[in-house]
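Below: the structure, in structure tokens.
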Amino acid sequence: MIKAVIFDFDNTLMDFMRMKKAAVESAVDAMIDAGLTIKKADMIEKVYKVYDREGIEDQQIFNKVLQNEMGKIDYKILAAGIIGYRRAKEGTLALYPHVQLTLTQLVRMGLKMAVVSDAPRLPVWLRICGLGLHHYFDIVITSDDSGVKKPHPRPFQMALEHLKTKPSETLMIGDWPERDVVGAKGVGMKVIFARYGDTASTQVSGADYEIDDIHQLPDIIRQENALS
């Protein structure tokens, strides 16, 4: 009997990469307008190289890139980039289709819900509150809360302890096979792969279910519960 659902957040509930792309482009435009003398495409490439090395949630990304390129940080350029980033981020922060509808439906079905994210605590909560989802979740576990990242079992176990459900009573849904699927299966949960959020052209997810729209989730839960 499924009693709870654990969600990854970025690229599962919100289109994180769409937001990130728009925010980085806006930041680079603003830095160039403030006096940065690097071509836009080259600067964007340098930003993503640092993201690849330091992690996509790096909060010092523009400091590092400007230091690398100029040997110092010009705070006029840095400030312009940060403001450009924030403005575009706020404008493109968006849920995937049917997310709010689905979460509301799960509440009506009596299910508990949690978020397990590898992102730091404050950015996760800013996104959750900014999208109006803060009333849906019983618990939110971030990398700051668990001290580790998926697929380590600890964040999943922390969520289960708070939800007071067994792994067999809990579904995990996420977009990253190596972290979400492997981690959740490692503690005994069934997993749904959010193919609509996949940015890596995954061929084999290893999940129990794959969905192209989050609104397929309630039917999967009904199917699971009909079998129990």
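Using equal-weight Cα scatterers in the Debye expression, the normalised intensity of the range 1-108 in log10 at q = 0.15, 0.16 Å⁻¹ is -0.67, -0.73.
Explain nothing, just the number: dipole magnitude of the chain about its Cα centre with +1 on each Lys and Arg Cβ and -1 on each Asp and Glu Cβ, in debye rounded to the nearest 20. Intermediate results must be reported in sequence, preceding the final value.
Numbers: 29 positive and 31 negative charges, 78 e Å.
Around 380 debye, computed over the chain.
Taking only protein heavy atoms and a 1.4 Å probe, what accessible area per residue, in Å², does the range 58-129 have with all protein chains in place?
53 Å²
What residues from the range 67-97 fall in the zone where the backbone N is under 16 Å from a label point 7 Å along the Cα-to-C-beta line of residue 126? Within reach of a label on residue 126: 79-94.
Rounded to 0.05, the FRET efficiency of the residue 201 and residue 41 pair, given R0 = 30 Å and the Cβ-Cβ distance, is 0.85.
By the helix-only formula, in which each DSSP H run with n ≥ 4 contributes -39500 (n - 2.57) and the sum is divided by residues, the chain has a 222 nm mean residue ellipticity of -15000 deg cm²/dmol. Full extension of the chain between residue 67 and residue 223 gives 50.7 nm of extra length, using 0.36 nm per residue less the Cα-Cα distance. Where a ≥ b ≥ c are the square roots of the eigenvalues of the C-alpha gyration tensor, would you call the range 141-228 rounded, which needs a/c under 1.5, or, failing that, prolate if a/b is larger than b/c, or oblate? It is oblate, given that a/c is not under 1.5 and a/b is not larger than b/c.
Considering only Cα-Cα distances, which of the following residue pairs are longer than 32 Å: 76/150; 21/76; 46/150; 89/112; 112/149?
Correct reply: 76/150.
Helix 16-33 axis versus longest C-alpha principal axis of the chain: approximately 10°, rounded to the nearest ten.
Once the C-beta distance of residue 52 and residue 157 is scaled by a Förster radius of 30 Å, the resulting FRET efficiency is 0.50 to the nearest 0.05.
Once the other residues with Cβ under 10 Å from the Cβ of residue 40 are scored (Lys, Arg +1; Asp, Glu -1), what is the net sum?
-3
Summarising the strand pairing of the chain, around 5 percent of its internal DSSP beta bridges are antiparallel. Compared with the dominant principal axis of the Cα atoms in the chain, helix 99-108 is inclined by about 30°. Report, in degrees rounded to the nearest 10, the 0 to 90 angle that the Cα long axis of helix 217-227 makes with the longest principal axis of the chain. Roughly 30 degrees, rounded to the nearest 10. Shown for the chain: the carbon plus sulfur share of the solvent-accessible area, taken with all protein chains present and a 1.4 angstrom probe, equals 51%. Over all projection directions, the Cα-based convex hull of the chain averages an area of 12.5 nm².
So if R0 is 41 Å, what FRET efficiency would residue 212 and residue 75 give, r being the distance between their Cβ atoms, rounded to the nearest 0.05? Write down the numbers at each step before the final one.
Values: r = 45 Å, r/R0 = 1.10.
It comes out at approximately 0.35.
Here the peptides 196-203, 9-16, 36-43, 92-99 are ranked by packing, the mean other Cβ count within 10 Å, and the order with the highest first is 9-16, 92-99, 36-43, 196-203.
The values are calculated or read from the model by the stated rules, or taken from the named source; none is laboratory data. Computed from a prediction, not measured in an experiment: that's the story for all the values here. Here Cβ is always computed from backbone atoms with ideal geometry, including for glycine, and neighbour counts include all displayed protein chains. When the accessible area is computed, the model is the full protein with side chains, heavy atoms only, and any ligands, DNA or RNA have been set aside. Shrake-Rupley method; radii C 1.70, N 1.55, O 1.52, S 1.80 Å.
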